[in-house]
Amino acid sequence: MNRFKAKELPDDIYIPFVETLFRDGFTLALGIVLQCVLISLVYAKTGNPAYLVVVIWLLGLGVARLIDMRRINAAPPCTTTAEARKLENRYTVYSALHGGALGIFSLIALSSAESSFAELAGLAVPLATATAISGRNYGSPRMVYILIIVISLPMALGLILRGEFYHIVLGLLTVPFLFAIHRYAENVRDVLFTALSAEKRATRVAQRFNRALNTMPHGLIMLGPDARVVVANAEAARLLSYGSTDSLMGRSINSLLMRGVAGGLVAREDCRYIEGQLTRALRQGLDRKVLVALTNGTYYEFSAREGSQDLGVITFEDVTKRVEAEEKIRSMARYDTLTGLANRAYFHEMVVETMAGGDRDRKCALVVFDLDDFKTINDTLGHPVGDGLLYAVGETLSRVLDDQALISRHGGDEFVIYFDRIENQDDLAIRMDALFAGLEGEIDVGGHLLRIQASCGAVMSTAGDGDFDAMIVKADLALYKAKELGKNSWKLFEAALDEEFRSRQLMKAELRNAIETDGLRVVYQPIIAMDSMRIASCEALCRWDHPELGSISPAIFIPLAEEMGIISTISKFVLNAACMECARWPSQISVSVNLSAKDFRNQDIVEQVRAALKNSGLAPERLELEVTETALLDDKALTARYIEELKTLGVRIALDDFGTGYSSLSYLHKLPLNKVKIDRSFVLDLGYNNRSLELIKNVVNLCRALGLAVTIEGVETFEQLKLLALYVKPDLAQGFLFGSALSAQGIETMSTIVWHFDKDVSSSSRASYHYSNV
């Protein structure tokens, strides 16, 4: 065992050791009294006045020590080593004087041989005192040495002075005996030091654990083998409305949850469910989370897991803000930000779900509602007034229809209404007449008195046979007929319109024929680099020139191709053509190709891209593939795998139409994207809506922070371009402002013209050109 000198002891050990020297004044007083009584008896036996002097000496010294000890114990504890050393020195002086008196008594009694009683007392007093040295003075090694010397040496000297052989031997033997006592005192000191050190270490660990436990943002309780609380932190007590952690000790899960039941925060049925989930998780060693909604509007999330040594751990926290944020995000993903109505995707989900339930033979109706001449209002009164009108229409529809129907704003000035239970056509007519009656009258929008005029197309179907997409198509056909008939009215899809539907089917057949006979062509919309205002890339777009109907909009034939399941064939055609043409362009220009959701359900997509690059000789880094969130939603795992494989080819991946999907943000850090293309809807009201500017700026900054390039789509005015250049600073911009889609030769020619123009203009004048023309 290690030996410690006072100067080697840590302050937090040395100071308490010294303080122990001044404790237990009763034992000290009792010892002095007994010593004085025994020495007084020797004096009475022998009559030697030296013994009386020793008694007086001991009594005076004892009184002084007791007074001093009481004063020190009443004073504040020592805080520094210097103070402790002063106390130790004071104690040493008192003890040396005390031991010296006893040593003189022993020397006189043993050397004079006046009485056998005196001799016995001369041995008994120092030996009895010596045995108390280790128990009382272990706190001061120096004091132990001094007491041994002043007590043992006079006693040994007294025996030796007798001159007899046996007395001399006995005198010599007392010395090692007393030094053995010194060794014992040292051992006591070491044992106590070790115990104190271990206690302090344990205390420090406990303090750190307690600090860590009570600074956690989560509430935490640990359950013993009997499923009762053995450890709890302050946050747990606060969240469960207990005054202290001690109040939680020994309680079961049921007891804790029943407090919420008693306070009316949790229903008894919910309490049983929560207890069952947590108990099952603890027993089965599973990690399980339970979200609990309290009646006061707050949410707690409980997590349970099995710990070590048959201990179970339950953590919980107030997640109200997180739940509210998630609900807000969910609302933004599901509802139109302007009107508060369901958006296209969520409306589709709700209608399909509603049609699938209930009586499958019931009749239902879908109505497409479109404002008449809405573009005129935007162009003449401005977009803010147009937005105000859209908001008023949404509010009016919600008020008039109440809970009779599901309502959605599909985009622009188009609304869609779904009636789940319609008796017959007359019932639908009554509802539509009531709807138009509710729209009558003028409304004040930004100081302008406007009338709501709209055209509607409706279609009826049985719920069991209804197909949402087909109903939308038919309702659109009826809407177009209503507008043809003079607007501000509604039209029901009927047999007379079926021919138009058949024409649509005929168009599908002609589209298939166009694909098979190479009747499609590819054009390229320029994508401009904002730092140089040169063409940096082009988006490949498919066009169909019908021999009789002329140019067919992609907004018509692309959905048809998706319905027909031939969209992947068009994608492959565009991919091969774009790679071939781009390989002929200047090396600084790349090409971007859209891939549909169906493309990512085809395991050949990677090989098709590899083959297109190989056949064209196009460098992989010049090809960018655009993927929409629709593709990601269909099969996230499979799509992610295909994207990873495409990345290994060296091509770049862009997320198209960012901000219009269901959960765009979740893909930015999960998928290996190179670029984000921000949907044109963010740019529409950029010139007069500061919130839109802030939103698009923050989205761009977010993408930049993730190392993603950004393309802004839908740039159509110089004002939009100026705002983007000055405040948003995206990498690339795309829109009709830079021209409509061009042929491959047109792109090559335009890139050459711009290139030579830029070479002839200095960087400063080019900047001036950018902004002066904006």
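The values are calculated or read from the model by the stated rules, or taken from the named source; none is laboratory data. Computed from a prediction, not measured in an experiment: that's the story for all the values here. Reconstructed Cβ throughout: ideal geometry from the backbone, glycine too, with neighbour counts over all protein chains shown. Surface areas here come from the heavy atoms of the whole protein model, side chains and all, with no ligands, DNA or RNA. Shrake-Rupley method; radii C 1.70, N 1.55, O 1.52, S 1.80 Å.
If I go through region 100-127 residue by residue, how many of them are small (Gly, Ala, Ser), open to solvent by 10 Å² or more (accessible area, probe 1.4 Å) and part of a helix (DSSP H, G or I)?
5
Look at VAL55 and say whether it is out of contact with any helix residue (DSSP H, G or I) (no Cβ under 6 Å at 6 or more places or on another chain), without any contact (Cβ under 8 Å) to a residue 40 or more places away in the chain and not hydroxyl-bearing (Ser, Thr, Tyr).
In short, no.
Those residues that are over 16 Å from LEU726 (Cβ atoms) and surrounded by fewer than 21 Cβ atoms within 10 Å (Cβ to Cβ), I need them from region 699-716; list them, please. I'd like the intermediate steps shown before the answer.
Restricting attention to region 699-716, the residues satisfying the condition of being over 16 Å from LEU726 (Cβ atoms) are 699, 702-709, 711, 713-714, 716.
Those that are over 16 Å from LEU726 (Cβ atoms) and surrounded by fewer than 21 Cβ atoms within 10 Å (Cβ to Cβ): LEU702, ARG704, ALA705, LEU706, GLY707, LEU708, ALA709, GLY714, GLU716.
Does LEU97 meet the test of being open to solvent by 30 Å² or more (accessible area, probe 1.4 Å), modelled with pLDDT of 85 or more, within 30 Å of PRO10 (Cα to Cα) and more than 60 Å from the chain's Cα centre (by Cα)?
yes
Is it the case that ALA478 is at pLDDT below 90 and among the small types (Gly, Ala, Ser)?
For ALA478, the condition - at pLDDT below 90 and among the small types (Gly, Ala, Ser) - is met.
Please tell me if ALA130 is at pLDDT below 80 and surrounded by fewer than 18 Cβ atoms within 10 Å (Cβ to Cβ).
Criteria not met by ALA130.
Hey, among ILE558, ILE567, which residue is closer than 21 Å to ILE605 by Cβ, open to solvent by 40 Å² or more (accessible area, probe 1.4 Å), free of Cβ contacts under 8 Å to residues at least 40 places away in the same chain and under 44 Å from the mean Cα position of the chain (by Cα)?
Exactly one residue qualifies, and that residue is ILE558.
Okay, residues lined up against (1) among the basic types (Lys, Arg); (2) open to solvent by less than 20 Å² (accessible area, probe 1.4 Å):
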{"site": "ASN576", "(1), (2)": "no, no"}
{"site": "ALA583", "(1), (2)": "no, no"}
{"site": "SER587", "(1), (2)": "no, no"}
{"site": "VAL593", "(1), (2)": "no, yes"}
{"site": "ASN602", "(1), (2)": "no, no"}
{"site": "LYS614", "(1), (2)": "yes, no"}
{"site": "THR639", "(1), (2)": "no, yes"}
{"site": "GLU644", "(1), (2)": "no, no"}
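Taking only region 151-160 into account, find how many residues are open to solvent by 10 Å² or more (accessible area, probe 1.4 Å) and either closer than 21 Å to THR20 by Cβ or free of Cβ contacts under 8 Å to residues at least 40 places away in the same chain (or both).
Adding up the residues that qualify gives 1.
Just the residues that are under 48 Å from the mean Cα position of the chain (by Cα) and either at positive phi or surrounded by 14 or more Cβ atoms within 10 Å (Cβ to Cβ) (or both), please, taken from region 433-449.
Of everything in region 433-449, those that are under 48 Å from the mean Cα position of the chain (by Cα) and either at positive phi or surrounded by 14 or more Cβ atoms within 10 Å (Cβ to Cβ) (or both) turn out to be LEU435, GLY438, LEU439, ILE443, VAL445, GLY446, GLY447, HIS448.
Just to confirm my filter: which strands (runs of 3 or more DSSP E) fall fully inside region 270-373 and include at least 2 residues that are open to solvent by 70 Å² or more (accessible area, probe 1.4 Å)?
Where strands (runs of 3 or more DSSP E) fall fully within region 270-373 and carry at least 2 residues being open to solvent by 70 Å² or more (accessible area, probe 1.4 Å), they are 288-293, 299-306.
Can you tell me which residues in region 227-247 are open to solvent by 40 Å² or more (accessible area, probe 1.4 Å) and small (Gly, Ala, Ser)?
Answer for region 227-247, where residues must be open to solvent by 40 Å² or more (accessible area, probe 1.4 Å) and small (Gly, Ala, Ser): ALA227, ALA234, SER241, GLY243, SER244, SER247.
Give me the pairs: first residue in region 672-695 and under 17 Å from ALA725 (Cβ atoms), second residue among the hydroxyl-bearing types (Ser, Thr, Tyr) and buried (at least 21 other Cβ atoms within 10 Å of the Cβ), beta-carbon distance under 9 Å, and six or more apart or on different chains, which are they?
ILE678/THR711
Assess whether ARG238 counts as being modelled with pLDDT under 75 and not small (Gly, Ala, Ser).
no
Only one of these is among the basic types (Lys, Arg), closer than 25 Å to GLU581 by Cα, modelled with pLDDT of 80 or more and touching a strand residue (DSSP E or B) at 6+ places or on another chain (Cβ under 6 Å): ARG622, ARG610. Name it. Spell out how you get there, then give the answer.
Values: ARG610 fails: touching a strand residue (DSSP E or B) at 6+ places or on another chain (Cβ under 6 Å).
Result of the check over ARG622, ARG610: ARG622.
Could you list, ordered by first residue, the pairs with Cβ atoms under 7 Å in which the first is in region 407-426 and polar (S, T, N, Q) and the second is assigned to a strand (DSSP E or B) and open to solvent by less than 40 Å² (accessible area, probe 1.4 Å), at least 6 apart or interchain?
Once the first residue is polar (S, T, N, Q) and sits in region 407-426, its partners that are assigned to a strand (DSSP E or B) and open to solvent by less than 40 Å² (accessible area, probe 1.4 Å) give SER408/ALA342; SER408/PHE415; SER408/VAL416; GLN425/LEU492.
Can you give me the number of residues within region 521-553 that are open to solvent by less than 40 Å² (accessible area, probe 1.4 Å) and of a type outside the set (A, V, I, L, M)?
11
With GLU269, GLU317, GLU301, GLU326 as the choices, which residue is farther than 15 Å from ARG228 by Cα, at pLDDT 75 or above and more than 23 Å from the chain's Cα centre (by Cα)?
GLU269
What are the pairs with Cβ atoms under 6 angstrom where one residue, in region 244-257, is on the phi > 0 side of the Ramachandran plot and of a type in the set (Gly, Ala, Ser) and the other, located anywhere, is surrounded by 13 or more Cβ atoms within 10 Å (Cβ to Cβ) and assigned to a loop (DSSP other than H, G, I, E, B)? Sequence gap at least six, or different chains.
Close Cβ pairs (under 6 Å, with a partner that is surrounded by 13 or more Cβ atoms within 10 Å (Cβ to Cβ) and assigned to a loop (DSSP other than H, G, I, E, B)) do not exist here.
Find the strands (runs of 3 or more DSSP E) located wholly in region 441-536 whose residues include 2 or more that are hydroxyl-bearing (Ser, Thr, Tyr) and under 28 Å from PHE419 (Cα atoms), and list them. Full working, then the answer.
Numbers: elements: 442-445, 448-451, 454-462, 490-492, 520-529.
Correct list: 454-462.
What about THR79, is it of a type in the set (Ser, Thr, Tyr) and buried (at least 17 other Cβ atoms within 10 Å of the Cβ)?
Working: of a type in the set (Ser, Thr, Tyr): yes; buried (at least 17 other Cβ atoms within 10 Å of the Cβ): no.
So THR79 fails the test.
Does region 705-719 include one or more residues that are over 36 Å from the mean Cα position of the chain (by Cα), at negative phi and part of a helix (DSSP H, G or I)?
Checked region 705-719: at least one residue is over 36 Å from the mean Cα position of the chain (by Cα), at negative phi and part of a helix (DSSP H, G or I).
Just the residues that are assigned to a loop (DSSP other than H, G, I, E, B), open to solvent by 40 Å² or more (accessible area, probe 1.4 Å) and either modelled with pLDDT under 85 or over 19 Å from GLY358 (Cβ atoms) (or both), please, taken from region 398-425. Even if it seems obvious, please write down each step before you answer.
Step one: filter region 398-425 for residues assigned to a loop (DSSP other than H, G, I, E, B), giving 402-404, 412-413, 423-424.
With open to solvent by 40 Å² or more (accessible area, probe 1.4 Å) added as a condition, the list becomes 402-404, 412, 423-424.
Passing the criteria: ASP402, ASP403, GLN404, GLY412.
Okay, residues lined up against (1) under 26 Å from GLY122 (Cβ atoms); (2) outside any helix (DSSP H, G or I); (3) modelled with pLDDT of 80 or more:
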| site | (1), (2), (3) |
| --- | --- |
| MET1 | no, yes, no |
| VAL37 | yes, no, yes |
| ILE56 | yes, no, yes |
| LEU59 | yes, no, yes |
| ARG71 | no, no, yes |
| THR79 | no, yes, no |
| LEU87 | no, no, yes |
| ARG90 | no, no, yes |
